[in-house]
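Student: To start, I am sharing the structure in question, which I have written as structure tokens.
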Protein chains: 2
Amino acid sequence: MIAATPSPPYYAVIFSNMRTEINDGYAETAEEMARLAEAQEGYLGHESVRDELGITISYWTNLEAIRSWKQQTDHLLAQRMGRDKWYSAYKTRICLVERDYEFSI
Amino acid sequence: MIAATPSPPYYAVIFSNMRTEINDGYAETAEEMARLAEAQEGYLGHESVRDELGITISYWTNLEAIRSWKQQTDHLLAQRMGRDKWYSAYKTRICLVERDYEFSI
């Protein structure tokens, strides 16, 4: 469940969000967006958790890969009548991962 | 619940983790670490979610602030007999947030 990313540097897209109570089309679109990401060149993995707040982080080799994926998902979201229906608030942060360290049993 | 961070650039520390079933001291220490972070110069906010995977992201003005906070929390964790008891795996990523955008109703 923790993404097995390579040594830095690489990129992270942090998507922090609050959902509305509208579910219409959400699960299918979320699944399709995950599939699109995984098929995209430069995709390195993702981590996703929701409780009241939702956080989804996707990892990428470079900004170009993020840009291509964003263009695809923007089209998808537009087709599905927009993200504003599903989210009461969100914030997306594009980050350069400079360093990482880990532990596992 | 979504951290109200200022305009980039700033830093994010992504802490992705899996818990063991050992709770001994965990909640108190987590709370104290959050308190220490908030009192630290350069702290900008944090976001935290857990379901099976846990993700806690803290936001900081610069690397120096992260370093000071890490030193404090390392001491705290050492005093409390270490994090390895509470986590079966974790990964920490230090990231430069280059760009962000947001939406809210």
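Student: Counting only C-alpha contacts under 8 Å and six or more residues apart, can you give the relative contact order of chain A as a whole percent? If you can, show how the numbers build up before the last one.
Tutor: Details: 154 pairs, mean separation 49.3, N = 105.
Dividing the mean separation by the residue count of chain A yields 47 percent.
Student: Now a separate question. Please find, in a Gaussian network model of chain B (springs between Cα atoms separated by less than 10 Å), the residue of B:37, B:65, B:78 whose mean-square fluctuation is greatest.
Tutor: Highest fluctuation of the listed residues: B:78.
Student: If each residue's Cβ is checked for other Cβ atoms within 10 Å, how do B:55, A:94 rank with the fewest at the top? The partial results should precede the final answer.
Tutor: On the way: B:55 24, A:94 21.
The most exposed by this proxy come first: A:94, B:55.
Student: Can I ask one more? Please give me the summed charge of the neighbours of residue A:43: other residues whose Cβ is under 15 Å from its Cβ, Lys and Arg +1, Asp and Glu -1. Intermediate values should be presented prior to the final figure.
Tutor: Values: positive: A:35, A:67, A:70; negative: A:32, A:38, A:41, A:47, A:64.
Here the charged neighbours net out to -2.
Student: Evaluate the Debye formula for the range B:21-105 with equal point scatterers sitting on the alpha carbons, no solvent, and hand back log10 of I(q)/I(0) at q = 0.10, 0.19, 0.25 Å⁻¹, in q order, two decimals.
Tutor: -0.29, -0.99, -1.51
Student: In addition: What gaps in nm, shortest first, separate residue A:36 from its twins in the other copies when you place the label 7 Å past Cα toward the beta carbon?
Tutor: 4.2
Student: Based only on the alpha carbon positions, what is the Kirkwood hydrodynamic radius of the range B:22-68, in angstrom?
Tutor: Details: mean 1/r = 0.0849 Å⁻¹.
Result for the range B:22-68 stands at 11.8 Å.
Student: By how many nm would the segment from residue A:23 to residue A:72 lengthen if fully extended, with 0.36 nm per residue of separation less the alpha-carbon distance?
Tutor: Details: separation 49, 0.36 × 49 = 17.64 nm, distance 2.16 nm.
Here the segment from residue A:23 to residue A:72 would lengthen by 15.5 nm.
Student: What average count of beta carbons from other chains do you get within 10 Å of the Cβ of residues in A:40-50? Don't jump to the answer; show the numbers that get you there.
Tutor: Numbers: counts 0, 0, 0, 0, 0, 0, 0, 6, 4, 10, 3.
Mean inter-chain Cβ contacts per residue within 10 Å come to 2.
Student: Show that you can apply the helix-only estimate: for chain A, add -39,500 (n - 2.57) for every DSSP H stretch of four or more residues, divide by all residues, and state [θ] at 222 nm to the nearest 500.
Tutor: Values: 2 runs with 31 residues, N = 105.
My calculation for chain A gives -9500 deg cm²/dmol from helical runs alone.
Student: Label residue A:40 and residue B:50 with points 7 Å out from Cα along Cα→Cβ: what is the distance between them in nm?
Tutor: In this crude label model, residue A:40 to residue B:50 measures out at 3.0 nm.
Student: Sticking with this one: Which percent of Cα-Cα pairs in the protein assembly as shown sits in each 5 Å bin, short to long?
Tutor: Pairs per bin, as whole percents: 1, 7, 14, 19, 20, 17, 10, 7, 3, 1, 0.
Student: For label points placed 7 Å from Cα toward Cβ, what is the shortest-first list of nm distances from residue B:78 to its copies?
Tutor: List, nearest first: 5.6 nm.
Student: Right, here's the next one. Take residue A:102, project a point 7 Å from its Cα along the Cβ direction, then tell me which residues of the range B:59-86 have their backbone nitrogen under 20 Å from it.
Tutor: B:83-86
Student: Something else: Across chain A, where is the longest run that never hits GluC sites (Glu not before Pro) in a DSSP loop with at most 13 other C-beta atoms within 10 Å? The partial results should precede the final answer.
Tutor: On the way: sites that count: A:21, A:41, A:52.
Longest stretch, sites excluded: A:53-105.
Student: If you don't mind, another one. If the cut-off is 26 Å between C-alpha atoms, which lysines fall inside it for residue B:85, apart from same-chain ones fewer than 8 positions away?
Tutor: B:70
Values quoted throughout were computed directly from the atomic coordinates according to the rules given, and no laboratory measurement underlies them. The structure displayed is predicted, hence computed values, not measured ones. Note: ideal-geometry Cβ built from the backbone for every residue, glycine included; neighbour counts use all protein chains shown.
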